[in-house]
Every structure is written in C-alpha cells, then in structure tokens.
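Bear in mind these aren't lab numbers, they're just calculated from the coordinates by the rules spelled out. All of these numbers come straight from a predicted model, not from anything done at the bench. Methodologically, a virtual Cβ is constructed for each residue, glycine included, from the backbone with ideal geometry; neighbour enumeration extends over all protein chains shown.
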2 protein chains.
Amino acid sequence: MLQIVLASLCLAAPAPDAGVLTSARVLEESSPSDWRHVDPSNTLYLDLPGGRVVIELAAGFAPSHVENIRTLAREHYFDDLAILRSQDNYVAQWGDPNADDRANAGDRAHAKSLGSARAKLPAEFSRPSQGLAFTKLSDGDVYTREVGWADGFPVGRDPRTGQIWIAHCYGIVGAGRNNPADSSNGAELYVVTGHSPRHLDRNITTVGRVLRGMELLSSLPRGTGALGFYEKTQQRVPLKRVTLASAISAADRTEWEALRTDTPTFQRWVEARRNRREPWFVYPVGHVELCNVPLPVREVRFQKK
Amino acid sequence: MLQIVLASLCLAAPAPDAGVLTSARVLEESSPSDWRHVDPSNTLYLDLPGGRVVIELAAGFAPSHVENIRTLAREHYFDDLAILRSQDNYVAQWGDPNADDRANAGDRAHAKSLGSARAKLPAEFSRPSQGLAFTKLSDGDVYTREVGWADGFPVGRDPRTGQIWIAHCYGIVGAGRNNPADSSNGAELYVVTGHSPRHLDRNITTVGRVLRGMELLSSLPRGTGALGFYEKTQQRVPLKRVTLASAISAADRTEWEALRTDTPTFQRWVEARRNRREPWFVYPVGHVELCNVPLPVREVRFQKK
C-alpha cells in the first residue's frame, strides 16, 4: 500500500481560518494528481557525515551534464571526494581538489579519472522553451522578461529568443566551470546557499535542485580562503558516497514527490505566497519574487507488510 | 596615524583590465570621502563562542528600538542569553528563551528583567522619507515602487505615502515580534540568513545590518523544532557578551567604515554589479536586484606608535 507522508512543509504556518487562502491550506487540499513522482534516475543522493542530501537532476534542461553525472555516480567517481568550498551568501562546491591539475599536466595529473564519463561537454545554459508548460509569475522580475516555473523548476524565459533556463534560486545545483563557457562537465558541482545569485543565470549550466537536506550544505563552516575555499585539507567535508536512487533497490531507497508546477493547485500555492493571510502579517504584501516561492516536496513511503 | 586597511572585498574578483568597470576597480579608485565612519554608539558587538559579529544599528530608521537596544546592551541584558533559533533559508534569532513567559505570567515569570529598558515600544516599520538622500536603483523591484539605498541601508520607498523602510536583504537585523504589530522591544533580535524574505518588509521593525561575522550566524546548525528553534537547551549557541562599541575604550575596539551610498562612487559600484565585466561572465547581465548589491565595509585600524 502506498502511504503518503507529508515530510514537512517548507515553512511552518499557523492553522488557517476557514476560507482564508494560506499555503498550509493549499497543500492540505491538494489531490494526488497535483504531485509528480521524482524519477529515481534523476535523484542523486549525497551522503555526507551529517546525513543525506537529495538532489533532483534537471534532465530536461541539461541532458548532457545529467547523463555525465549519472555515469560519474554509477562509477563511484564522487565517492571519497569532498566539499572543497563554502562561500558565505553564495555557494558550496564539491568535487576533486586536483581537477584543475588535469588541464595543466594532462596524463601526468593527480586528478581522479573520470572513467567512462566525458571530459568535455557543450555548455547547456538554456534550452528552447517550445513545448514546455510554463506557469508565469505575474509579478515579473528584475533580471529578465518572464519568470515562472517549468517542469518543476524556477525558470526565466525570453519570448524574443524562445529560450528558457533555470533561475539561480536558493538550493539550485549547477556545474562549476572555468572561464571558457564549455569548461564544465558535471564533475564539479555547486549549490546556491545564499541570496539567489541570479546574475549567474545563463552564465553557467544548472543541473538540478536540492529536495532535502539543504541545511547540511547551507550550514557548512565557511572557508577562509579566496572564494570560500577551505585552506586546510582537514577542513573539507568528505562525500562518503554519491549514488543515483535508481542504482539502489526500491526497498532501500527513499522516493519523493514534488508539487507539480503546471496545475491550478500550484497557482493557488503561488497566490498564497503573494498575499500572506496568516494572522502574523499586518500587510499582506501582494507580490512575490520567483525565488521566494518554495517548491513543496514530500517523501513517499512504501508501507512494508 | 590613521591607516586604512581593506579587510576584505565582498566577493573576490579578478584583476580588472584597463578601462573595464569592475567592482574591484571601483573600490581601488575610491577616495576617503566615499566612506563614512560607523558611529561606535551604533555599533553592536555580539561575542559568540566562534568569534565576534559586528552589527550597525539603524538609529535613523528605528530610533526607539535602537535606544532600547543600547540600554539593554549597556545593562548587560543579552550577556549569557543565547541564539535560540536557526531556520534554514530564513533567519537566526537570539534573546531570552523565557521571554514569552512574561506575557503569560507577568511578574511571576522566569523571564530575565529588562532593567531600565522599555517593555513596550511603538512599531517602527517605516519612516518618512523626506530629507533623506535616496540613491535609486534603476532596475526596479518586484515588491515595491522604488528601491535603492539611504543612509547606508538597502531600502524600499513609496512616493505615494512618503514612507521609506529597510528592505529585508541578507544580513539585515530586525526585532522579533508576536502577532501584535507593536509587540517587539528589541530584546529579541533576528538576522536574515537566506534568500532575502522581502515579504517581511513593512511587517516588522528592522534595526540594523551585520557588517562583519555574518558567517558565524549563517553557518549555525539549523534547529529541528518548528520554525527552526533548537529543541534542546544545549543546542543553543550562547551569547558570551553583547556590547556597544562606544562602551569600550577606543584603544580596544575595532572601528569600521562603510561605503557611502549617496555618492557617484556608489553609483559606479552599483553599475559594476549591474554589468559584470569580469572575464568569467559570458553574459554581462545588465540588471541587478537590490539585495544582490553587497555593501562594502572596511576596518579602520589605528596604528600604534
């Protein structure tokens, strides 16, 4: 039997009065079809000493990077590598501390082998928006013409170019790169841990978002080196194991559902965030910024007989 | 002799090419008059086990709250209280764990005495904007008519009402309250540690911003109780000492300068953040959001003979 457990709301909210639209009420009144199952082949577990981080990979936005990350995870590339950098109000980043050595020293490098993953990928900064359901945020945006949600991710969209891209909101995961646009391959990843650095949009390939365990990444001690790199090897936080959920037996993995972003329920969710009707608010605001709309997630638990 | 030390830039930036406007270049080319001295009577030190947090109090925006905070600090109210709450992507909050007991039990409460500080203050959500130099951000804002900077703080402004208020950007400090608008008195303070919760603007009294040591607050373990409260007493982070800089002899205190927000240099600073000319950027962006403009600070060191 499938038993849905609401693992937690994004923000605790007081009980709504009858008839008042609050985010708590929207979730209570949601139906099973308002939720989508997160594909285990797009679900990446990062096992840190403090617990598990769950990431949803954005296969539709960065197909080459996601395929490479799947290969890297399958071949245990990330296992025993580390979080190398935590820069306050910006990002935490993980990968191989010797990765840059590859470019400099070629085969003589100390960099960990990428195995059968590709060393070079095309930049995937944006994709055509055609055919992709887009829920537009009516409040607009400072950075671009249109923002909203597509395929479960916060996005920007430009009707002039027909392109769409993931917006760098808190918890978004991307592929670190050097100066050349196509210098990322998914072996070095970062997550946004501060005020959403939207100036990175269309400047780097985004590959997913954190569904659970964000606090394990956001509360890391900040590195004291340039760009928040840890200056001492022992300050780095080890990645014990990085696995795709699909590589684990169904009985042992956790599965997740995310609130669909292409439904009337989601529009109500956004509306409840635009106009805050909880008793604490004196002024209901009447607007919301893209990255201030949390994207609800819940764990699916299979009840064992 | 007064020796200015640039303690750190807000973000490391590569060396600018000649003629290219980057934020690093703007600071290099700034003159002493582009900086303002932060008044020691508006400078609050929070001494945590991990180090010192320096806060600039916004006396112009919340005079009653700031005066009360000064009284509380002078009378050592905060010493040996604790950080009670750290909610991911939102706020950390400190004060007296028994404060709510006062409202419920009156004189029989276990709450710490407020000494000669006032228990009740008016709400100070906004102030008249008249007479206050305002540097407007040309990119606009999702939440309100006008945003920019005034008196060193990021602000929203409404020309219809003539009001101005501090915007809840990362690192802004406010006075916690219960449901009544006037239920804060400065004895319970919070700091924004996640994506800027601008829906709090004009819903609560802001009292300052963190100048230094933000990473000590943002990297705190998140509390596992509702709203991120620590569930066990021993998880709370003790406030060893909370002092006004003006209460410490000049020889022993650190002094700070902040980049003025009402100068042509500051406008160049904003422009360098709007259009990113560092070599890493493929797409220079052309816009910036209010809370993505860091406000530079530097330590002033008095050279001892």
Hey, rough spin-label estimate for residue B:158 and residue B:28, points 7 angstrom out along Cα→Cβ, what's it come to in nanometres? 4.4 nm
Show me the trypsin sites (Lys or Arg not before Pro) within the range A:162-240 that DSSP assigns to loop and that have at most 12 other Cβ atoms within 10 Å of their Cβ. A:232
Would you mind calculating the relative contact order of chain B from Cα pairs under 8 angstrom and at least 6 residues apart, reporting the percent as a whole number? 31 percent
Please report how far the C-alpha centroid of the range A:167-208 lies from that of the range B:187-211, rounded to the nearest whole angstrom. 27 Å
Inter-probe distance in nm under a simple model that places probes 7 Å from Cα toward Cβ, at residue B:224 and residue B:37: 5.0 nm
Phi-derived 3J(HN,Hα) across the range B:140-156 with the Karplus relation (6.51, -1.76, 1.60, θ = phi - 60°), rounded Hz, x for Gly and Pro, is x, 7, 6, 8, 8, 5, 9, 10, x, 9, 8, 6, x, 10, x, 9, x
If R0 is 30 Å, what FRET efficiency do you get for residue A:119 and residue A:300 from their C-beta distance, rounded to 0.05? 0.25
Whole-number percent relative contact order across the range B:124-257, with pairs defined as alpha carbons under 8 Å at least 6 apart: 18 percent
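Under a point-charge model restricted to the Cβ atoms of Lys and Arg (+1) and Asp and Glu (-1), what is the dipole moment magnitude of the protein assembly as shown relative to its Cα centre, in debye to the nearest 20? Kindly include the intermediate steps, with their values, before the conclusion.
Numbers: 74 positive and 70 negative charges, 49 e Å.
Using Cβ point charges on Lys, Arg, Asp and Glu, the protein assembly as shown gives about 240 debye.
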Under Karplus coefficients 6.51, -1.76 and 1.60, residue-wise ³J(HN,Hα) of the range B:88-94 in Hz, glycine/proline x: 4, 6, 8, 9, 10, 9, 10
Compute the separation of the alpha-carbon centres of the range A:52-86 and the range B:234-263 and state it in Å as a whole number. 42 Å
In debye, nearest 20: dipole of the range A:131-224 around its Cα centre with unit charges on the Cβ of K, R (+) and D, E (-)? 40 debye
Relative contact order of the range A:168-232, pairs being alpha-carbon contacts under 8 Å that are 6 or more residues apart, as %: 35 percent
Along chain B, longest interval not containing exposed GluC sites (Glu not before Pro), exposed being DSSP loop plus at most 15 other Cβ atoms within 10 Å: B:76-230
Check residue B:85: other-chain or 5+ apart residues with amide H under 5 Å from its amide H, H built from backbone geometry? B:93, B:230
Between the helical axis of B:264-274 and the dominant principal axis of chain B, each derived from Cα atoms, what acute angle in degrees is found, rounded to the nearest 10? 90 degrees
Going by alpha carbons, how many degrees (0 to 90, nearest 10) lie between the helix axis of A:63-74 and the longest principal axis of chain A? 70 degrees
Using amide H atoms built 1.01 Å from N in the peptide plane, name the residues 5+ places from residue B:43, or on other chains, whose amide H lies under 5 Å from its own. B:57, B:245, B:246
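Roughly how crowded by other chains is peptide B:185-196, in terms of the mean Cβ count from those chains within 10 Å of each of its Cβ atoms?
Partner Cβ neighbours, averaged per residue: 3.
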For the protein assembly as shown, report the % of Cα-Cα distances exceeding 49 Å. 10 percent
How far apart, in nm, are two points set 7 Å out from the Cα along the Cα-to-Cβ line at residue B:249 and at residue B:52? 1.5 nm
Taking the Cα centre of the range A:2-302 as origin and charging only Cβ (+1 Lys, Arg; -1 Asp, Glu), how large is the dipole, in debye to the nearest 20? 220 debye
Name the long-range amide H neighbours of residue A:301: under 5 Å, sequence gap of 5 or more, or other chain; modelled H, no Pro or chain starts. A:3, A:5
